[in-house]
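The values are calculated or read from the model by the stated rules, or taken from the named source; none is laboratory data. No experiment lies behind these values; they were computed from the predicted model shown. Here Cβ is always computed from backbone atoms with ideal geometry, including for glycine, and neighbour counts include all displayed protein chains. Surface accessibility is based on the protein's heavy atoms, side chains included, excluding ligands, DNA and RNA. Shrake-Rupley method; radii C 1.70, N 1.55, O 1.52, S 1.80 Å.
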Amino acid sequence: MKRFHYNKAIYLMLITVFLFFGFGCTLPSKSEPLTKTGFYFDTVITITLYDNADETLLDDCFSMAETYENMFSATISDSEISEINQAKGLPVTVSEETVALLKKGLEYCELSKGGFDITIGKLSSLWDFSGNEEGVLPESDALAKAVSTVNYQNINISGNEVKLLNPETAIDLGAIAKGYIADKMKAFLNENGITSGTINLGGNVLCLGPKSDGSHYRIGIQKPFDTQGTAAAVVEVQEETVVSSGIYERYFERDDTIYHHILNPKTGYPYDNQLLGVTIICKNSVDGDGLSTVCFSLGLDNGMELIESIKDTEAVFITKDYKFHCSSGIGTSIPFEELN
């Protein structure tokens, strides 16, 4: 059987998020919330402000989204990441922002011992999860060649100069860039007096909180593969971020096997470790982004052990039997409700 899954999960997750904190929240008495939606980073993004805010702040946030996409996207030919990838091992001078994101990515490469690797560009480019109606798999020889280029230790950073020690290596920051951008948007809004709102970059939800009435935001964790975007559970947060990675986000199915976008850099194929998804709750969205993929790569036991070792960080794992496995702070410091 061949069945292609279009990129609906992102939109369904947005609907789920809106149900819990977008339309259902208590609004300030002085004004209606300001909301703006657009399409960046191959996903829908939505920013909502509950303070009395100038609408130009939303415009500024969307200008930031465009600026960062043009810096970090590996599919935009003149981005700084593309310039590094195309330089054939020669040094490229980039912005401090790109250096900062690369260094953050390398931290998670080290933490996962390469299970998460930002030099996965050649490998990820072989897989088509958004237009592959026939469920075509990459050729095994091509995968093996691409795997040989993946090694985060090939990235050399000196000041603002970045070079790849293997000229065939290619960087892809897709697993961590949205979190970094969300954090930058939140800092900008805080600097401009905004203390209540939400930033949703395609499922990376970052809260500026608490809400105007002092209460928590209720954020749904999507039930994997549910076509209606039903929430399977809810966490309550104020200043935290909630970031999920799951095999149901982008995938296709062939011969009763699901091929999803969370790739194992060591094999070239999607991870198969009995996990459907991982949700991270922490302070900074860039860390939530990195940890959600790292924990998925580690699997349930090792991923949970890692989370329990990190301060102010919690996680919800969903296994293939649709059971929740929660870190020690879920249900205590982080209110949690399983819905079905």
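A few comments on the model shown:
- Relative contact order of the chain, taken over Cα pairs closer than 8 Å and 6 or more residues apart, is 20 percent.
- Average accessible area per residue (Å²) across segment 270-340 - probe 1.4 Å, nucleic acids and ligands excluded: 43 Å²
- A P(r) calculated from all alpha carbon pairs of segment 187-232, with 5 Å bins opening at zero, reads 5, 18, 21, 21, 16, 8, 8, 3 percent.
- Farthest positive-ward along the chain dipole, Cα basis, beta-carbon charges - from 190, 91, 282: 282
- What you get for the chain, charging only the Cβ of Lys and Arg (+1) and of Asp and Glu (-1), is a dipole of about 400 debye around the Cα centre.
- Against the rule of thumb 2.2 N^0.38 Å, how large the Cα Rg of segment 127-191 comes out: 1.60
- Shown here are the Rg and Dmax of the Cα trace of the chain, at 19.5, 62 Å.
- Using alpha-carbon coordinates, inclination of helix 96-111 to the longest axis of the chain, degrees: 80 degrees
- Segment 298-337 - Kirkwood radius from inverse mean 1/r over Cα pairs (Å): 10.5 Å
- Reference-scaled alpha-carbon Rg (2.2 N^0.38 Å with N residues) for segment 71-154: 1.20
- Ranked by the mean number of other Cβ atoms within 10 Å of their residues, highest first, the peptides 74-81, 291-298 fall in the order 291-298, 74-81.
- Kirkwood-type radius of segment 206-263, with distances r between different C-alpha atoms, in Å: 13.4 Å
- Unsatisfied cross-links (Cα-Cα over 24 Å) in the set 184/266; 36/178; 184/320: 184/266; 184/320
- Contact order relative to length of segment 211-253, as percent, for alpha carbon pairs under 8 angstrom and 6 or more apart: 35 percent
- Net +/- balance of residues flanking residue 314 in space, Cβ distance below 10 Å, scoring K and R +1, D and E -1: -3
- Residues considered: 113, 103, 311. Largest GNM mean-square fluctuation over the chain, using C-alpha springs under 10 Å, is found at 311.
- Whole-Å distance, taken between Cα centres, linking segment 34-102 and segment 241-268: 24 Å
- Violating pairs (Cα-Cα greater than 22 angstrom) within the set 113/323; 104/283; 103/186; 104/145: 113/323; 104/145
- Taking Cβ atoms as reference points and 9 Å as the exclusive limit, the residues near residue 290 contribute a net charge of -2, counting Lys and Arg as +1 and Asp and Glu as -1.
- Distance cut-off 22 Å, percentage of C-alpha pairs in segment 195-340 lying past it: 37 percent
- Estimated dipole of segment 48-109 in Debye, rounded to 20 [Cβ of Lys and Arg +1, of Asp and Glu -1, Cα centre]: 580 debye
- On Cα atoms only, tilt of 56-72 relative to the major axis of the chain in degrees: 10 degrees
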